[in-house]
Structure formats: structure tokens, C-alpha cells
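Just so you know, all these numbers are worked out from the coordinates, no wet-lab data involved. In this text the structure is predicted, and so the values were computed from the model without any measurement. Here Cβ is always computed from backbone atoms with ideal geometry, including for glycine, and neighbour counts include all displayed protein chains.
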Amino acid sequence: MIKFVLMVNRQGQTRLSRYYHPVELSRRAALEADVVRCCLSRKKDQCSFVEYKDFKLVYRQYAALYIVVGITDSENELSIYELVHNFVEVLDKYFSRVVSLNRVKNSWIQCQGVCRSLKHLK
Amino acid sequence: MSPSVPLQEMIRAIRSARTQCEERGVIQRECATIRAQFRQADNEGRSHNLAKLLYVHMLGYPAHFGQMECVRMIASPRYSEKRVGYLGAMMLLDEKQDASLLITNSIKNDLANSNQYVQSLALCTLACMGSAEMCRDLAPEINRLLRASNSYIKKKAALCAVHIVRKVQDLGELFAPSARCLLTEKNHGVLHGAVVLITELCECNPESLELVLIRWCQCLVISGYSPDHDVAGISDPFLQVRILRLLRILGHNNEAASDAMNDLLAQVATNTDSTKTVGNAVLYETVLTVLDIKSESGLRVLAVNILGRFLLNNDRNIRYIAMISLQKIVGTDHNAVQRHRGTIVDCLKDQDASVKRRALELSLALVSASNIRSMMKELLSFLSSCPPELRSQTASGIFIAAERYAPSQRWHIDTILHVLTTAGGDVRDETVPNLIQLITNTSELHCYTVHKLYRALHNDISQQPLVQVACWCIGEYGDLLLRGECQEMEPVQVTEDDVLDVLEAVLQSHMSSPSTRGFALTATMKLSTRITENVDRIRSIVSIYGSCIDVELQQRAVEYNALFKKYDHMRYSTEWLGQRFLVFVCSTFVVQSAGLSPPICGFPQVCDLLDLLGGSEPPLQSSPALGSTAPLPVGTAGTAGGDLLDLLGGLEPTAIMTVLLSVFSVAPTVSVYDKDGVTVTLSCEKQSDSGLSITLTASNSTDSDIRGFTLQAAVPKVCISSSFSFQVNLKMRLRISYTSQGSAVQDTVQVDSFPGLGH
């Protein structure tokens, strides 16, 4: 089961976050910072799956943007890995350039809408 | 009031803030504006304001004042406002908020709306944050929508049903028939939703499944190429993965279902293209399913082989997941996994830390009696290069494996020594006593072990466990070391000075912990009986520590010093000091870090002596020959047996130290009582081999007279143990009573040492 989806930039700022389990607002910032620190410190030739506390993180880097998905142990990590790529391809088709997601403005709402579609694979 | 800025302006302003403080300032200003505008009844830019608020919320700032606005906007007839309202509801509202109840009615109305997008908004929101009450209220509506004609709606309704089933499990029966109908759909989106729903239903209630389901799954998976859902050449891998997971649940403890699935799984396993990651994802799910159901052995072998192929893949992710799966089955399918042992061991050298960790766990699980030597070689080379966080796990794994499967004692000791030299700082505390126990038990390897340890100690004194064991060994078997010959290693001439140099270095090094210093000091002391020339050097080393700050060391040093002073003469003539300590003494000696247990108290022969002393032997009724020179009349007391027993009553066996003290102090005449002018001296001489005469002389040096002087003496009956090479000790108790200047005086004196008694 997917627990959350995060999109962060290299500096660690959250660009998009979506939680599929209720998490308190105060805990969210700490969780995001911790997760991001975990992923940003990994080198290029390292595995994309990280064991973090009691769940796993699957992360993928696209230029300056990191997409991190937190999943439970029962999930197929490779399929989530492919799902992230699928998601990025969809965004790419819709907004025409994923890297410029940093400058997504009004279409931020559409982004959230696309995140909703991830519930299909929850 | 500042005019409301559009969303993108606000985002730009927030992003351009250089510090956290600046960002907070911008956001607070915006929130104030938004709040003010919410209070206004009619406002054109309501949706924009709410959108801005949602963005601020996502960054982590509180936005609870927007909840009522969400509720209002959901009720609005305009689609754009509804959309943002529902989005806000999903993000800001959850079960715990009271406002969530208010939207139940709106959702109900919207579910019946003619516009499918409005319906879908309502469905999404319910699926996201619906509480148990809301779910119960709206479940019949959802069920109706599951049978709707519109596949877009059906898809969303299926997901909503999944959420409802998760929240309220009883409602599962309500959805079961509709769910089964959904399976015949062509639309993959609906199918996917249906499969998820059925998976959820099966997890709650396994009896609600039928074999027909499996046959249907079979058709679906093998069905032809569908260009709409193609991902890198595989048709709808996400759906395939879902179906496989459903099959796993169906077949989990079900023989019949597993049988029906065998062909299907074999087909998927062989036909899926494994050159792309997507294909590997499907294969991975297949392998997980095969391993989880009651599959036939051929299929299991196929699955393990797929995992073996994964291990050789270049992609690190795939190697990692292969090892996770192998870890799960190494208990049950041990032989199948053993075949891939070579690849697993190679992965120990991988760059990635996660892969290394997995490879380590698998390697430790694969160690068996047949491959112990080769595996240990690999593990030891891994230990020297592994990352620090894995070291202690590796070390303890190696110890456990060595203990279980060691082919020979020497190999075992070698392995442990190797680990101590490479990763000595990371081993657990009980390693030291365990190793000492092991060394003691292999008596034929003492010479080899002590030579090896000496060499290791000579090279490096920083690894504490190694230093402790080495010190202990040198203390115990130092004579073997000094003898210089050893069958199993090339002989090296070690002089007494070398050994003492090493021990002194350990004692003085900054790196040595207090317990290590204790070991070294004790070893130095033990060596004093085993070496001949440098006793003075040892004495000086030991006496330095008599004033050490560490209390433990100081106590030891002082006691050892005492041994030096008083028992020097017995050092070479007595054998028992040179005897080996018993093992159980060593373990208590080693484990107890505080308090010095007298190093001799574990001795069995000495224990016998204790028994003798404390035994209830009736005392000898000896009438001492009193050569009295006192001018006073001496009356021999009627010594009843009882009195003498009383005398001896308190004669408990004290610590053996006192016994030794008693044995070995030598003086020709000793004064046993000297008080108030009355003195009693004692001298003994050997009359014959079995007889001893003791002379007690009493004298009065006061001016006044002494009347009624009585002397009673009692000695315990002792027998000499033949293993002792010295004469037995004797104890005597004297009771002296007299009257002087009108007052009666009575005193009891114990005589521990007898003059003239040598050895």
C-alpha cells in the first residue's frame, strides 16, 4: 500500500506532497525532512529502495527533482518503481516538460488531481 | 486590504523568499488576506483563495480556517468551485474534524447528479476521507453506481467500494455480487478497480471465492496484446501484477486453487520478457506468488531459477529484490538457494550498502557443515572491507557459524583470532570468556595458541578483547611460550624480557581499558612463578600499581605485593602455586570486574584443608608441658572436654590467606600473650617424627601478686594430606585466667604460628 508520495527538489523543498494515510501536520514536516535527507544522501550507483523505519521508500531522480514514494512491506517494489516512471510520463505529456515542474503554477491543482489517480494503485 | 494575488504570483513570491523567516512573513500576509476574503459573503475569486490556502497547507502551515469554506464551496452549483472545494475537503478534512459530517449531504446529492464529473468528484472524496458513518450511509448508492453503464463512473465507484470495505468490513457482502459482475468488463481501468475490490474482499473473507475466478484470471493474463495499456512492450503490467497478487491470496492455503493456477503461473513465468524492468516486475510478482502458494516442486525450482537470474542482472534494484526473496525462502527451500551461493557471495563485494547487507544475511543463512571453510574465507575477507555499521553483525554471525560447524579446534581458534585482529572493537563482551573457555578446553593446542597470541599482541595492542585474551593466555601458559618450541608453528625465541616488555606496554598504554589492565597485571603476577630471572622486575611493576588511581587495580596490586612479601620462600618449593588454575575459577575471575577473589580459594586441596579445620573433630586433650618460671602457684585447670570444645567453637576456617600466613612465618620463640605485665611465651621442638613438645612459659612483671593463674590449651586434631610437601599447620587456643589486685581477668588467645616449625 502506498503511504505517501513526495516530490522534492535538490534543496529539500517540497514541491508536491500527498498522504494516503492521515498524518498530523506537525509530523509531516519532520517526516518529509527525514525522508528527503535519506534519499538525497545516496549516490548514483546505489539501490533505489531504502528501508526506512517500518516501511520502504522507493525514489527516483529526474534532473533536479526527486520523487519519493513510501510503501508498506507487502508491495511489489519494482512495480512501484515503474509506476513512478509512468506517473512522470503522464505529467510530461500533460504539462509538456517534467523538469519545469518546478515552475508549475496554476496547474498545481491539476497535479493534485493526477495524484488522485494514483489511488488506482493504492 | 491588499488585492488578492493570483495563485501563481503567490507561489512565485514564496519561492523567491530567501529565508524561512521571510517565507513565513509572506505566508502570514497571504493567510490574513484569505481569511478576510472568506468572511465576505460573495466573492468572485473564492476558488483561487481556497487554492492558495491549499498550497500553503501543503507547505506545512496551519489552514484549518479554510474548512468551512470548503463545505460552502462543495455546496456551490458551479463546477470550478466544487472542484476546489472537494480537493480542499480531501486535504483539510478527515474523520476527526467535525466539519466532515457536514458534507455528507452534499456528497449524497452529487452522487445522484447527472454530470459524471461531479459524480466522480463526490466518489473520489468519499474514497479519500469517508468516515465509517458516511460509508454506511452511502454504501447502497455506491453499490448502485457499480452497476452503472458508464465505465468512468464504475471505475471510481469500485475504488470507493474498496475504501468502504476497508473501513467497515461488514459491508463487504453487499458489494460481492456487483464485484463479480465487474470482472467481465473490457475496460482495464474498471478491471483494475474490480481486481482491487475482490482482493480486498478475499483478504477479509477467504470463503467468498470460487474456482471460476481462477479460470477467468487465466484468460485475462494470456489475452492478447492491448495497445491502449502497453508499457514498454508488456500489456498492462500493473493489472497483471494485481491479478497475480489476487491469485496469491486465493491460493495461499488452498490446494485445489493452487493446482489450478500452476499452468497459468508457469506460462507467465516463461513468456514474460525480462529484458525490461517492467517485465521483471511482473516476473517478480509471479515468483512471490509461486513461493507463497502450495505449488508443485517443479514450479518452485523455476521460481528460484528466476531469482538466480535476477542475481546476475546488472540492475542493482533487481539484485536487491532477488536477495530479499531468497532470504524469505532460505529456510524452506535451502537446497535450491544453495545452488546460487556463489553469486550471493559475489554480491558481498557490491558497492551498494543495501545489497551488501542483504548478501551478508543470506550468506550467514547459507553456511553449512559442507561449505564452512570456503564460506568462512569469504566472510573473513568481507569483514576486513565491510562498512562499519555491518561489522558487529558480521562478527557475531561468524562466531555463531564457527561454533556450530567448526571442522577442527585449531581452525576454530584461528578463525576467532582472525576476527579479533580485524574487528576486535566490534565484538560482543561475552566473546572474551567464551574464547578463554575454548582455549582451556583444547589442551593440546595451548602451545600453539599462546605463541600465536603473543605474536598478535606484539603487533597491535589496541584491540581490547584480543589484548585481554592474549594477556590471560600468556599468564597461564607463559612457560610454554618461553620454552620456545612448538610443533605447529616455526619456533621463535622469546625471552622473559620480551614478554614482560609486552605486558608492561599494555599496562601503560592509553588505549587499554581498566579491565584490560587488570588482565595484564594478573598475567604479570602469574608469570612470577613461571620465570626465573626477572622476578624483581615483576615485583617493581606490581608495586607501582599499589598506588594506582583505579581502585580495582590498586587492590590487586596490593594483594599481589603481599603475596610477594610473605610467600617468597615458597615460590619455588611449593608446587601448588605453579599449578594451573581451574577453568571455573578463570571464568569467574574474568567476568567479575570488581573485587578480587583470592586466587587460591578455588583450590580443591586447600578446600580439604578448610574442611579439616572446620571439622568437628574433638580436640585433643593435651596437657601442655608447662615449664613455668613464675613464682606463683599454677593450678592446672580441670579441663573438661566441654570447655575445650567451647574454646574451639569459634575456630572457623577463615580465609585461606590466614592459613598460609600461619604456616609460613618462622620464629624461634613467640610471645602469645602480653597484657598488663603478664606474658606467656611459647616454644616448640620436635621430639620425634610424630611427636612435638610445646613449652609455654608464663611470667609476671608487675609488682602485685597474681593468684589463681590458670592456663588451658586446646588444639584441633589434624591429619596431614600426603599431597602437601610441607608440614601441617597447627592452631592452638589458650585461655588464661588469673586474679590480680582483687579483680579477675580472663583472656583467650589463639596461637597460629609455632616457632621452630619449618617446612
Among region B:65-86, those whose backbone N falls under 18 Å of a label point 7 Å along Cα→Cβ from B:Arg39 are B:65-70
Plugging the Cβ-Cβ distance of B:Thr532 and B:Asp460 into 1/(1 + (r/R0)^6) at R0 = 45 Å yields, to the nearest 0.05, a FRET efficiency of 0.95
Of the listed links B:Lys82/B:Lys155; B:Lys96/B:Lys156; B:Lys328/B:Lys356; B:Lys82/B:Lys186; A:Lys56/B:Lys328; A:Lys56/B:Lys356, those spanning more than 28 angstrom between alpha carbons are B:Lys82/B:Lys186
So B:Asn150 and B:Lys675, fully extended at 0.36 nm per residue minus their Cα-Cα distance, gain in nm 177.1 nm
Quick calc: nm separation of the 7 Å Cα→Cβ label points for B:Ile544 and B:Arg483 -> 3.1 nm
In terms of the alpha carbon gyration tensor, root eigenvalues a ≥ b ≥ c, rounded if a/c is under 1.5 and otherwise prolate when a/b exceeds b/c or oblate, region B:408-559 is oblate
Between B:Arg404 and A:Glu89, the two model label points (7 Å from Cα along the beta-carbon direction) sit apart by a distance in nm of 4.5 nm
Dimensionless Rg/Rh of region B:118-162, both radii on Cα and Rh by Kirkwood, sits at 0.93
Note: probe point = Cα of A:Gln11 + 7 Å toward Cβ; backbone nitrogen < 17 Å; residues of region A:57-75 passing the test are A:64-66
With Rh as the Kirkwood radius over Cα pairs, region B:23-131 has Rg/Rh of 0.97
A chain fully extended from B:Cys181 to B:Met68 at 0.36 nm per residue, minus the present Cα-Cα distance, gains in nm 36.7 nm
Rounded to 0.05, the calculated FRET efficiency for the beta carbons of B:Gln351 and B:Glu133 at R₀ = 35 Å is 0.05
Taking every residue of B:109-118, the Cβ atoms of other protein chains inside 10 Å of its Cβ average out to 0
With the label point 7 Å along the Cα-to-beta-carbon line of B:Gln327 and a cut-off under 19 Å to each amide N, the hits in region B:371-405 are B:379, B:382-383, B:386-401
B:Arg166 and B:Val5 label points (each 7 Å along its Cα→Cβ direction) are spaced in nm at 3.7 nm
Output field shielding_mean for B:56-69 (other chain Cβ, 10 Å radius) holds 2
Quick calc, B:Ser76 & B:Ala13: beta-carbon distance into FRET formula, R0 25 Å, rounding 0.05, result 0.35
Length gained, B:Ala32-B:Ser704, 0.36 nm per residue minus C-alpha separation, equals 230.7 nm
Compactness check, region B:288-344: C-alpha Rg relative to the 2.2 N^0.38 Å globular estimate gives 1.04
